[in-house]
Amino acid sequence: MIERLNAELLLKTEDFKPTHPDFRVIGVFNPGVERVGDEIIMLVRIAQAHKSGIEENKWLNSPRSTLVDGEIQYQVDRIEIDPSDGARDHRKPLLVTGYRRLAFISHLEMVRLSPDGYKVREIIRHPELFGRTDWEEYGVEDPRITLIDGTYYITYVSVSGKMGVATSLMSTTDFTHFERHGVIFPCENKDVVLFPEKIGGRYYAFHRPAGHIDIRKLAILMASSPNLIDWGEHRFILGSQEEPGGWYSGKVGAGTPPVKTEEGWLSIFHGVRYRGAADPIGVYTAGAMLSALDEPERIVGISREPFFRAQEDYEVSGYVKDVVFPTGIVRDFEDEDKVHVFYGCADSSVAVTTFSVSEILASLQR
Ligand code: MAN
């Protein structure tokens, strides 16, 4: 186990106000993070449910939004839950007639942090960080931020009833104006993480497609692009483990944007292990992989065991228990060997912890 050098709970649901009187904030989690000047900026996911949530164990109040004259308007669909969906688990998409619907809607809020990432300075609500397109009816989720040649690129999940779950791209240079570039990895695709520089003249990303036909277990793929919009050259990187009980036997997905080290690109990824057939969500832990600097598709090292797992109260219990979900990473200002990792805890709150890069590198199986 690699020691956490420091740790702090940064944000809780109580720190955020609902955006509508009928809503309540149920989670603040999965932040995208980057250094901006002498501070750190975080875009954090806020999930809100309708106050009535699931009624009589039968009706789902599913919130969604549309844009009317540039303003967000909410609707709440009251839909009968399919009786065959025994779980009634409001944390997961619920089965209604013929499809699934979410019990919550997500948007992002901006958080200014101190240079070391351990203190919250200000929380800012920005209208561009809400679902604003047809693809974003059920909101925007799980952003990752990568600084490439002076522009901050934000990959995020767009959720809609018509098109499903896709990954889109936004960019900004100042965190005041945001430009939307549309969907870059269509349905269903999540955990899209961009590399911070071009390699051999092309941009690189990890992504994780999923879909209706479970012909294989979920896997991390890599793609490259000449312009960050058109992605090709898809390659297999890492599949969920075949052997049951493995820490990423249930699911696997990229976590934080890769960090450049002398030994290669260091990427923290998450894995899911199901506790049994009746466990719909599983235990989320994280490890790292290292890929060659000039050939990022060549994996040269990987964690045999997760070095990052739920241990604090705020990670063990919450909306979804036993979840650490790392999505942001920033190198320490002074100490090159330290990285601050930002992550969602139990789908409820956001925390930061610090690791030594050399310790992570030394722990990898080569
Ligand atoms: C999963 C989870 C949720 C998310 C939906 C839609 O169920 O990751 O947090 O809202 O997918 O993306």
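Bear in mind these aren't lab numbers, they're just calculated from the coordinates by the rules spelled out. Everything quoted here is computed from the prediction, not taken from an experiment. Here Cβ is always computed from backbone atoms with ideal geometry, including for glycine, and neighbour counts include all displayed protein chains.
Could you tell me the calculated FRET efficiency between K198 and D134, based on Cβ-Cβ distance and R0 = 30 angstrom, to the nearest 0.05?
On the way: r = 31 Å, r/R0 = 1.04.
After rounding, the FRET efficiency stands at 0.45.
Across the stretch 133-141, in residue order, what do the Karplus-derived ³J(HN,Hα) couplings come to in whole Hz, using 6.51 cos²θ - 1.76 cosθ + 1.60 with θ = phi - 60° and x for Gly and Pro?
10, 4, 6, 10, 3, 9, x, 10, 9
Give me, ordered by chain and number, the residues 5 or more places off V36 or on other chains with an amide H under 5 Å from its own placed amide H.
Under 5 Å from the amide H of V36 lie the amide H atoms of I41, each far enough along the sequence or on another chain.
Rounded to two decimal places and with Rh computed the Kirkwood way over Cα pairs, what is Rg over Rh for the stretch 159-253?
Values: Rg = 15.0 Å, Rh = 14.7 Å.
That ratio is 1.02, to two decimals.
Once amide H atoms are placed 1.01 Å from N in the peptide plane, what residues at a sequence separation of 5 or more from L228, or on another chain, have their amide H within under 5 Å of its amide H?
Here Y203 satisfy the definition.
To one decimal place, what orientation-averaged projected area in nm² is obtained for the convex hull of the Cα set of the chain? Provide the component values of the computation, followed by the final result.
Working: hull surface 69.3 nm².
For the Cα atoms of the chain, the hull's average projected area reads 17.3 nm².
What FRET efficiency comes out for T66 versus F236 if R0 is 41 angstrom and r is the Cβ-Cβ distance? Round to the nearest 0.05. Each step should come with its number before you reach the end.
On the way: r = 38 Å, r/R0 = 0.93.
E(calc), rounded to 0.05, equals 0.60.
Over 29 Å between Cα atoms, which of K119/K338; K17/K338; K51/K321; K12/K198; K12/K162 qualify? Don't skip to the answer; put the middle values down first.
Working: K119/K338 17 Å; K17/K338 34 Å; K51/K321 22 Å; K12/K198 36 Å; K12/K162 32 Å.
In this structure, K17/K338; K12/K198; K12/K162 lie more than 29 Å apart at Cα.
Excluding residues on the same chain fewer than 8 positions from K260, give the aspartates and glutamates whose Cα lies under 14 Å from its Cα.
List returned: E197, D294, E295, D332, E336, D337.
With the cut-off at 1.5 for a/c, could you classify the stretch 207-366 from its C-alpha gyration tensor as rounded, prolate or oblate? The partial results should precede the final answer.
On the way: a/c = 1.61, a/b = 1.07, b/c = 1.50.
Judged from the Cα gyration tensor, the stretch 207-366 comes out oblate (a/c at least 1.5, b/c at or above a/b).
Between G282 and residues 5 or more places away or on another chain, which pairs have amide H atoms under 5 Å apart, with H built 1.01 Å from N, and which residues are they?
Under 5 Å from the amide H of G282: R275.
Given only helices, namely DSSP H runs of n ≥ 4 each adding -39500 (n - 2.57), what is the per-residue ellipticity at 222 nm of the chain, to the nearest 500 deg cm²/dmol? Display every interim value, and only then the final one.
On the way: 2 runs with 11 residues, N = 366.
Calculated from helices alone, the mean residue ellipticity at 222 nm is -500 deg cm²/dmol.
What trypsin sites (Lys or Arg not before Pro) in the stretch 1-96 are in a loop by DSSP, with at most 11 other Cβ atoms within 10 Å of the Cβ? Can you show the working numbers first?
Numbers: sites: R4, K12, R24, R35, R45, K51, K58, R64, R78, R88, R91; in loops: R4, K12, K51, K58, R88, R91.
For trypsin sites (Lys or Arg not before Pro) across the stretch 1-96 that sit outside H, G, I, E and B with at most 11 neighbouring Cβ atoms in 10 Å, the list reads K58.
Could you tell me the calculated FRET efficiency between F333 and A219, based on Cβ-Cβ distance and R0 = 30 angstrom, to the nearest 0.05? Walk me through the numbers before you get to the answer.
Details: r = 36 Å, r/R0 = 1.19.
Once the sixth-power term is evaluated, E becomes 0.25.
If you consider only alpha-carbon coordinates, what radius of gyration and Dmax does the stretch 200-300 have, in Å?
Here Rg and the maximum Cα pair distance are 14.6, 47 Å.
State whether the stretch 309-363 is rounded, prolate or oblate according to the following rule on the C-alpha gyration tensor (a ≥ b ≥ c being the square roots of its eigenvalues): a/c under 1.5 gives rounded; otherwise a/b larger than b/c gives prolate, and the remaining case gives oblate.
Values: a/c = 3.14, a/b = 2.06, b/c = 1.52.
Prolate, since a/c reaches 1.5 and a/b exceeds b/c.
How much of the calculated P(r) for the stretch 282-336 lies past 17 Å, in percent of all Cα pairs? Don't skip to the answer; put the middle values down first.
On the way: 842 of 1485 pairs.
Tail of P(r) above 17 Å: 57 percent of Cα pairs.
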